[in-house]
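The values are calculated or read from the model by the stated rules, or taken from the named source; none is laboratory data. Not measured: the values here are computed from a predicted model. Every residue, glycine as well, gets a Cβ built from its backbone with ideal geometry; the counts of neighbours run over all protein chains shown.
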2 protein chains.
Amino acid sequence: MSGLIRLRGFIQAMTRLADADTSERAWLTEGADLLRGLVAQDDWLPDSMAEDGPTYRQYLLHCDPAERFCVVSFVWGPGQRTPIHNHTVWGLVGMLRGEEVSTEMVPDPAGGPMRPGRVDRLRPGEVVPVSADTYDIHIVENAFSDRASISIHCYGGNIGAIPRSVFDPATGAARPFISGYHNSAVPNLWDRSRELAA
Amino acid sequence: MSGLIRLRGFIQAMTRLADADTSERAWLTEGADLLRGLVAQDDWLPDSMAEDGPTYRQYLLHCDPAERFCVVSFVWGPGQRTPIHNHTVWGLVGMLRGEEVSTEMVPDPAGGPMRPGRVDRLRPGEVVPVSADTYDIHIVENAFSDRASISIHCYGGNIGAIPRSVFDPATGAARPFISGYHNSAVPNLWDRSRELAA
Ligand SMILES: [Fe+3]
Ligand SMILES: [Fe+3]
Ligand SMILES: [Mg+2]
């Protein structure tokens, strides 16, 4: 099966969930099931959405036109990591290639250093949720220092455009953060002429 | 205003029309009003979606995830034209840059040569509909032999994936046709980080 067919089917199924006014709880179960199906095979991500760079990359694969959800390819080069950050919306992380470690970070009410909380190590095919009900502040890093790792993320909004925060590990102080995306073009999932001619 | 903001707003408004279960008649009036707004300024089309080639180009700008409508940039190089073709779904053509001539082609029931019918010459900012109620079979050509012309088309489906026909001008004989698209990536309309930071 062509990879784009897989990604297109996933996005159409996610759109149907959005059209059904799915609750956050349902996104984190039904959406997780869909994402688990997507990352069960690593044969569909376009190469241009899998390239690492001098820092970790966030490539938008699809944004719902009403900005109800988005799908993003996160690429960690060897040893790369995010700053400590929050999301403010539900999220789903599905491991596609390599492994990553997500560490919850807990602010100290007294303004001292942030403390690590729950730690998840993700292996290919695994899906974990992020939300205010689980944890919203974390740091994510490539589990490997000698190769890239890639995970596919879904969020309950246009994550690249949501005003959120990064945090100083020494004090927990928040700084405004809008991540944007690294790509100015997203995959064209809609040219079915070759499938239809086959 | 950044061009991508204009295109994004157009696509969001078209999506709201689709969500309202708009009739074909309403698409051809309300959708036409939206498209007239989009082509009123020629400051928003990404250069990569405006390049001519050895034959006319069809660059997908957006496809609705449920394939209820799409938006395509058609680029005619100097003197280029389409074959005689049909659409099978409603369409809207908005002239962005240069001029084009659309000529209705009428089959001869006896299998003789097709005859030209209605002729439309489009100038920048103009929008015309295509549908079974107006005419569905036509040929489109660049009005100019010395420069490219570009029009923005909307259709009631994923036009690049719809099985339709091209016609032999001498006999009216139909041959199956699925146009596809020339681009493997579409513009990323969703990175609002620069707007939000401004
Ligand atoms: Fe995160
Ligand atoms: Fe046409
Ligand atoms: Mg919708």
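Looking at the range A:74-94, which of its residues are outside any strand (DSSP E or B), of a type outside the set (V, I, T) and within 11 Å of ligand 1 (Cβ to nearest atom)?
The answer is A:P83, A:N86, A:H87.
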For the structure I just gave you, tell me whether A:V89 is away from every other protein chain (no Cβ under 14 Å) and closer than 30 Å to B:D21 by Cβ. yes
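For the range B:132-172, how many residues meet the condition of being assigned to a loop (DSSP other than H, G, I, E, B), of a type in the set (S, T, Y) and surrounded by 18 or more Cβ atoms within 10 Å (Cβ to Cβ)?
The qualifying residues number 1.
Restricting the search to the range A:108-122, which residues are buried (at least 17 other Cβ atoms within 10 Å of the Cβ) and modelled with pLDDT of 95 or more?
Within the range A:108-122, A:M114, A:L122 meet the criteria.
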Looking for something crowded, with 19+ Cβ neighbours inside 10 Å and not hydrophobic (A, V, I, L, M, F, W, C) - is there at least one such residue anywhere in the range A:22-34? yes
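Is it true that A:P176 is within 14 Å of chain B (Cβ to nearest Cβ) and either under 27 Å from A:R8 (Cβ atoms) or not β-branched (V, I, T) (or both)?
Answer is yes for this residue.
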Being away from ligand 3 (no atom under 16 Å from the Cβ), among the basic types (K, R) and over 12 Å from the mean Cα position of the chain (by Cα) narrows it down to one residue among B:R81, B:R68, B:R57; which is it? B:R81
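Residues checked against (1) closer than 17 Å to B:V166 by Cβ; (2) among the β-branched types (V, I, T):
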site: B:Y56; (1), (2): yes, no
site: B:Y59; (1), (2): no, no
site: B:C70; (1), (2): no, no
site: B:V75; (1), (2): no, yes
site: B:L96; (1), (2): no, no
site: B:V101; (1), (2): no, yes
site: B:P109; (1), (2): no, no
site: B:G112; (1), (2): no, no
site: B:V119; (1), (2): no, yes
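For (1) part of a strand (DSSP E or B); (2) more than 14 Å from every other protein chain (Cβ to nearest Cβ); (3) touching a Lys or Arg at 6+ places or on another chain (Cβ under 7 Å), each residue gets a yes or a no:
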| residue | (1), (2), (3) |
| --- | --- |
| A:A26 | no, yes, no |
| A:T55 | no, yes, no |
| A:E67 | no, no, no |
| A:V72 | yes, no, no |
| A:L96 | yes, yes, no |
| A:G111 | no, yes, no |
Condition first: under 18 Å from B:Q12 (Cα atoms), at pLDDT below 95 and more than 7 Å from chain A (Cβ to nearest Cβ). Now tell me which residues in the range B:185-198 satisfy that. B:E195
Identify, by number, the condition in (1) within 14 Å of another protein chain (Cβ to nearest Cβ); (2) under 13 Å from the mean Cα position of the chain (by Cα) that A:H182 doesn't meet. (2)
